[in-house]
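Take a look at the structure below.
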Amino acid sequence: MQWTDEGIVLSVKPHGETAAVAELLTRKHGRHLALVHGGRSRKLRPVLQAGNHVDATWKARLPEQLGHATLELRRGYAAAALDDPLALAGLTSMCSLARLLPERDPHPSLYEVTLFVLGFLDDNAVWPALMVRWELALLGELGLGLDLGECAATGSNDQLIYVSPRTGRAVSASAGEPYKDRLLALPGFLARGRPGAPTVADVVAGFALTRHFLEARVLAPHGQTLPEPRVRLADLVSRVAPMAV
């Protein structure tokens with residue numbers, strides 16, 4: 001069996017003396033593992049870096065086998081992010097969270113969004129807000145998406161400023177007022193009818209929102225915790241991101 005696809009490197013583990021096992025998020029074949037012969041060589045080490053965009057050819061005798069792959073670099077996002085702690089945190093966080101996707105289950109829409117965010121990693125005034133949207137998209141692909149389009153209590157789409165931590169549905173200012181201490185903030189850039197560029201406070205609130213649902217709906221049921229790169233990312237955004245992201 002053989003296929004050719006493009007993908008993003010999520011992780012790499014040594015295998016034996018010279019090989020490596022690469023974990024890829026591919027466009028058509030989902031999250032996929034493969035043995036890469038010579039993956040620890042001087043030639044392939046720069047290619048096998050988390051976040052890099054690659055072309056992959058995978059082969060195996062049977063579909064359920066690990067198989068082996070040959071990889072060619074399309075774009076080296078990892079090297080470009082090495083000198084920017086914030087961008088590097090974003091890249092490693094995205095790769096860590098993408099590993100929550102079921103193995104070999106295609107998610108072409110999320111793959112496209114992932115490439116889109118990676119393309120803006122050189123602009124710290126833009127990508128943090130995009131990363132919040134990416135995490136919302138990830139929740140959606142896992143079947144656990146939020147409903148931020150209208151108020152859970154009134155059905156209106158005006159003045160949506162809260163999110164119910166239980167249902168993941170938006171709540172308006174008036175309906176949420178009696179319960180505001182128990183509700184999550186809905187940042188303006190995620191709500192309809194609230195124009196304006198997102199601020200650092202908005203993005204921090206966005207990361208708090210997605211963190212709650214990643215932990216409550218995805219990680220905690222399996223006894224897992226939020227990946228350390230994701231924790232570090234939210235902290236860095238609050239400390240070093242531009243005032244208008």
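Applying the criteria of a DSSP loop state and at most 16 other Cβ atoms within 10 Å to the trypsin sites (Lys or Arg not before Pro) of the stretch 54-121 yields 61, 99, 104.
Once C-alpha pairs closer than 8 Å and six or more residues apart are averaged by separation and normalised to the residue number of the chain, the relative contact order reads 16 percent.
Compared with the dominant principal axis of the Cα atoms in the chain, helix 108-118 is inclined by about 90°.
Compactness of the chain is given as radius of gyration and Dmax, 19.5, 63 Å, from Cα positions. The magnitude of the dipole of the stretch 1-52, with charges of +1 and -1 set on the Cβ of Lys/Arg and Asp/Glu and taken from the Cα centre, is near 120 debye. Using only side-chain charges placed at the Cβ, +1 for Lys and Arg and -1 for Asp and Glu, the dipole size of the chain relative to its Cα centre rounds to 460 debye. Summing Cβ point charges (Lys, Arg +1; Asp, Glu -1) relative to the Cα centre of the stretch 152-245 gives a dipole of roughly 140 debye. Considering only the Cα atoms of the stretch 118-166, their convex hull presents on average a projected area of 4.7 nm². Note on the chain: dipole from Cβ charges, positive end direction compared against 76, 88, 16; the farthest Cα belongs to 16. Between amide H atoms placed 1.01 Å from N, distances below 5 Å from residue 26 occur with 8, 31, 32, all of them 5 or more places distant or on a separate chain. Here the extension length gained between residue 123 and residue 212 equals 29.4 nm, from 0.36 nm per residue of separation less the Cα-Cα distance. For a distance above 25 Å, tell me the whole-number percent of Cα pairs in the stretch 62-193 that qualify. Pairs farther apart than 25 Å: 43 percent.
I need to check one value: relative contact order of the stretch 1-106, counting alpha carbon pairs closer than 8 Å and at least 6 residues apart, in percent. Spell out each step's value before the answer.
On the way: 229 pairs, mean separation 31.4, N = 106.
Relative contact order for the stretch 1-106 comes out at 30 percent.
Counting only protein heavy atoms, what percent of the accessible surface of the chain is carbon or sulfur at a 1.4 Å probe? Walk me through the intermediate numbers first.
Numbers: 6320 of 11930 Å².
Exposed carbon and sulfur together represent 53 percent of the surface.
Report the gain in length on full extension from residue 180 to residue 239: 0.36 nm times residue separation, minus Cα-Cα distance, nm rounded to one decimal.
Working: separation 59, 0.36 × 59 = 21.24 nm, distance 2.62 nm.
Separation in residues times 0.36 nm, less the Cα-Cα distance, equals 18.6 nm.
The share of C-alpha pairs in the stretch 24-117 whose separation exceeds 23 Å stands at 25 percent.
For a modelled paramagnetic label at residue 41, 7 Å from Cα along Cα-to-Cβ, the residues of the stretch 1-35 in reach, with backbone nitrogen under 16 Å, are 15-22, 35.
Between residue 74 and residue 3, the contour length at 0.36 nm per residue exceeds the Cα-Cα span by 23.8 nm.
Accessible surface computed residue by residue for the stretch 18-172, with neighbouring protein chains in place and a 1.4 Å probe, gives 45 Å² per residue.
Relative contact order for the stretch 179-221: what percent, with Cα pairs under 8 Å and sequence separation of 6 or more? Mind showing how you got there, number by number?
Values: 21 pairs, mean separation 14.7, N = 43.
34 percent.
Residue-wise HN-Hα couplings along the stretch 150-166, as the Karplus relation 6.51 cos²θ - 1.76 cosθ + 1.60 with θ = phi - 60° gives them from phi, are 8, 5, 5, 8, 10, x, 7, 10, 9, 6, 7, 10, 10, 9, 6, x, 8 Hz; Gly and Pro carry x. Along the axis of the charge dipole computed for the chain (Cβ charges of +1 for Lys and Arg, -1 for Asp and Glu, origin at the Cα centre), the listed residues 111, 38, 198 are led at the positive end by 38. Placing unit charges on the Cβ atoms of the charged side chains and taking the dipole of the stretch 134-204 about its Cα centre, the candidate lying farthest along the positive direction among 188, 146, 167 is 167.
The values are calculated or read from the model by the stated rules, or taken from the named source; none is laboratory data. Treat the numbers as computed from the prediction; the structure is a model and nothing was measured. No Cβ is skipped: glycine too gets one built from the backbone with ideal geometry, and neighbour counts run over all protein chains shown. Quick note on the areas: whole protein, heavy atoms, side chains included, nothing else; ligands and nucleic acids left out. Shrake-Rupley method; radii C 1.70, N 1.55, O 1.52, S 1.80 Å.
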